[in-house]
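Just so you know, all these numbers are worked out from the coordinates, no wet-lab data involved. Worth saying up front: this structure is predicted, and the values here are computed from it rather than measured. All Cβ positions, glycine included, derive from the backbone under ideal geometry; neighbour counts span all protein chains shown.
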Ligand code: CA
């Protein structure tokens, strides 16, 4: 955030009050306006009334769970969502479900990490909006057509519904179709992660999203180069 940017609103959804309060306090210290919800139904209501710029969302919640909250708020209005998960395998499930979560953090996480991820999500949204305003020409890679302006994708003429992260990942691979892009580079360009964040969890983030993307555009179109990264093939 720069000083010219109006305060961003973050919605923190977590039933454990100490964690919720700690997140809220830290985000307020970073200049965010913060709303807090402690169960599923009130999170959906607050998302509608407070119109947050970003949502931090715990998975296990009373009422209905974080997956359902994510689906409902994304159906009403697209907003970047950072899921807070108890385990790595829970994160895999989330990505596979395509509920619209843009990123996730596995507990326990540091407050510094939370702040960095929230800022990265907001930068991605701003970048996507700037790109849409430029009205660039659609990219064609084999049977896939990707329109960065409208953020629509078709495969063999059929529309494919991608989450914001899947779209950004596909666009990044498509810009250098046929070339192998390393996980580090994808993390930087798609997730806006700094080099200092390299970890097993980071590699899993890329792998989980590639898996979900493959299921939608055709597995053969995304080639794995073991130990290196991924390439989009023009087929
Ligand atoms: Ca919880």
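Compute the angle between helix 88-97 and the longest alpha-carbon principal axis of the chain, please, reported from 0 to 90 degrees and rounded to the nearest 10.
60
When the helices in the chain are scored as -39500 (n - 2.57) per DSSP H run of 4 or longer and the sum is shared across all residues, what 222 nm value do you end up with, to the nearest 500 deg cm²/dmol? Numbers along the way, then the final one.
On the way: 8 runs with 107 residues, N = 235.
Dividing the helical sum by the residues of the chain leaves -14500 deg cm²/dmol.
If R0 is 41 Å, what FRET efficiency do you get for residue 135 and residue 50 from their C-beta distance, rounded to 0.05?
Values: r = 31 Å, r/R0 = 0.76.
Efficiency, rounded to the nearest 0.05: 0.85.
Please work out how much length the chain gains when fully extended from residue 76 to residue 33, using 0.36 nm per residue of separation minus the C-alpha to C-alpha distance, in nm with one decimal. Present the calculation step by step, with values, prior to reporting the outcome.
Numbers: separation 43, 0.36 × 43 = 15.48 nm, distance 2.11 nm.
Gain in length upon complete extension: 13.4 nm.
How would you rank 41-50, 17-26, highest first, on the average number of other Cβ atoms within 10 Å across their residues? Let's see the in-between values first.
On the way: 41-50: 17.5, 17-26: 15.4.
By packing density, highest mean first, the sequence is 41-50, 17-26.
Mind checking Rg over Rh on segment 9-128, alpha carbons, Kirkwood formula for Rh? Walk me through the intermediate numbers first.
On the way: Rg = 12.7 Å, Rh = 13.9 Å.
Taking Rg over the Kirkwood Rh, I get 0.91.
Tell me, what does the Kirkwood hydrodynamic radius of the chain come to in angstroms if you use every pair of distinct C-alpha atoms?
Details: mean 1/r = 0.0548 Å⁻¹.
In the chain this quantity evaluates to 18.3 Å.
Treating the angle as unsigned and between 0 and 90°, give the value, to the nearest 10°, between the Cα long axis of helix 17-29 and the longest Cα principal axis of the chain.
Approximately 70 degrees, to the nearest ten.
Go ahead and set up a Gaussian network model of the chain, Cα springs under 10 Å, then flag whichever of 60, 111, 83 fluctuates most.
Highest fluctuation among the options: 111.
For residue 188 and residue 219, what does the FRET efficiency come to when R0 = 35 Å and r is the distance between their Cβ atoms, rounded to the nearest 0.05?
Values: r = 25 Å, r/R0 = 0.72.
E between residue 188 and residue 219, to the nearest 0.05, is 0.90.
Cα axis of helix 66-76 to longest principal axis of the chain: angle in degrees, 0 to 90, nearest 10?
Tilt of helix 66-76: around 70 degrees.
How high is the relative contact order of the chain? Use alpha-carbon pairs under 8 Å, at least six apart in sequence, and give a whole percent. Let's see the in-between values first.
Values: 389 pairs, mean separation 32.3, N = 235.
It rounds to 14 percent for the chain.
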